[in-house]
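Here's the structure we're looking at; comments come further down.
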């Protein structure tokens, strides 16, 4: 367990393309929210689910702040507002291939001297912001971006000195956003 890091499961999106809340879908015999919570509690001192104003959960949660943007960045900033002194390991609820190996590998490659540690998308050559460790010093940069009307955590990461992981299992960063993608998923 890494006591200097907390985990945030990003679950506050509208799930409009899926037609149901992605955090409540069962890929591993339980809701994705519960699966990720159980996984991350083995690696992090605290685990929270990021929820929007209209959601509820029985798990520890951080409710999204009322910010002028709609983006995963709202959940990340909300977590930093609750605890600005911890690093946040952020995982989107729509990434069913995230497993023990993915979390351990991300933590092993963490560089606390950088603003963040992220997997590099090999096709686009950008950092994947939804499976990333955000170090405390990035909080100010995220706030500045929101104040400027920017909503892309990926663009914030691109503009900073971050640790990019280039060799890894590409399935880990796969998002399942639609019914069709869910139908075609093969976890085993």
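Starting from region 92-111, take each residue that is in contact (Cβ under 8 Å) with a residue 60 or more places away in the chain and at positive phi and list its partners that are in a loop (DSSP other than H, G, I, E, B) and surrounded by 23 or more Cβ atoms within 10 Å (Cβ to Cβ), counting only C-beta distances under 8 angstrom and pairs at least six apart or across chains.
none
Evaluate the following for residue 39: is it more than 20 Å from residue 151 (Cβ to Cβ), part of a strand (DSSP E or B) and touching a helix residue (DSSP H, G or I) at 6+ places or on another chain (Cβ under 8 Å)? Quick ask: steps written out before the conclusion?
Numbers: more than 20 Å from residue 151 (Cβ to Cβ): yes; part of a strand (DSSP E or B): no; touching a helix residue (DSSP H, G or I) at 6+ places or on another chain (Cβ under 8 Å): yes.
So residue 39 fails the test.
So if I check each of 87, 92, which one is modelled with pLDDT under 95, closer than 23 Å to residue 110 by Cα, crowded, with 18+ Cβ neighbours inside 10 Å and touching a helix residue (DSSP H, G or I) at 6+ places or on another chain (Cβ under 8 Å)? Reasoning before the result, please.
Details: 87 fails: modelled with pLDDT under 95.
Exactly one residue qualifies, and that residue is 92.
Would you check if residue 121 is surrounded by fewer than 20 Cβ atoms within 10 Å (Cβ to Cβ), over 16 Å from the mean Cα position of the chain (by Cα) and at negative phi?
Values: surrounded by fewer than 20 Cβ atoms within 10 Å (Cβ to Cβ): yes; over 16 Å from the mean Cα position of the chain (by Cα): no; at negative phi: yes.
It is false that residue 121 is surrounded by fewer than 20 Cβ atoms within 10 Å (Cβ to Cβ), over 16 Å from the mean Cα position of the chain (by Cα) and at negative phi.
So which residues in region 96-113 are buried (at least 21 other Cβ atoms within 10 Å of the Cβ) and touching a helix residue (DSSP H, G or I) at 6+ places or on another chain (Cβ under 7 Å), if there are any at all?
The initial filter retains those residues of region 96-113 that are buried (at least 21 other Cβ atoms within 10 Å of the Cβ), namely 96, 98, 103, 106.
Listed by number, the residues that qualify are 96, 98, 103.
Hey, among 65, 89, 59, 8, which residue is on the phi < 0 side of the Ramachandran plot, assigned to a loop (DSSP other than H, G, I, E, B) and in contact with a strand residue (DSSP E or B) (Cβ under 6 Å, 6 or more places away or on another chain)? Please lay out each step first, then the result.
On the way: 65 fails: in contact with a strand residue (DSSP E or B) (Cβ under 6 Å, 6 or more places away or on another chain); 89 fails: assigned to a loop (DSSP other than H, G, I, E, B); 8 fails: assigned to a loop (DSSP other than H, G, I, E, B).
Sole residue among the options that is on the phi < 0 side of the Ramachandran plot, assigned to a loop (DSSP other than H, G, I, E, B) and in contact with a strand residue (DSSP E or B) (Cβ under 6 Å, 6 or more places away or on another chain): 59.
Suppose we keep only residues that are touching a residue at least 40 places away in the same chain (Cβ under 8 Å) and part of a loop (DSSP other than H, G, I, E, B) within region 16-36. Which one would you say is farthest from the chain's Cα centre (by Cα)?
19
Here are some conditions: (1) touching a strand residue (DSSP E or B) at 6+ places or on another chain (Cβ under 9 Å); (2) buried (at least 20 other Cβ atoms within 10 Å of the Cβ). Residue 176 meets all but one. Which one does it not meet?
For residue 176, the failing item is (1).
The values are calculated or read from the model by the stated rules, or taken from the named source; none is laboratory data. Quick caveat, the model's predicted, so the values are computed rather than measured. Neighbour counts are summed over all protein chains in view; Cβ atoms, including those assigned to glycine, are modelled from backbone coordinates with ideal geometry.
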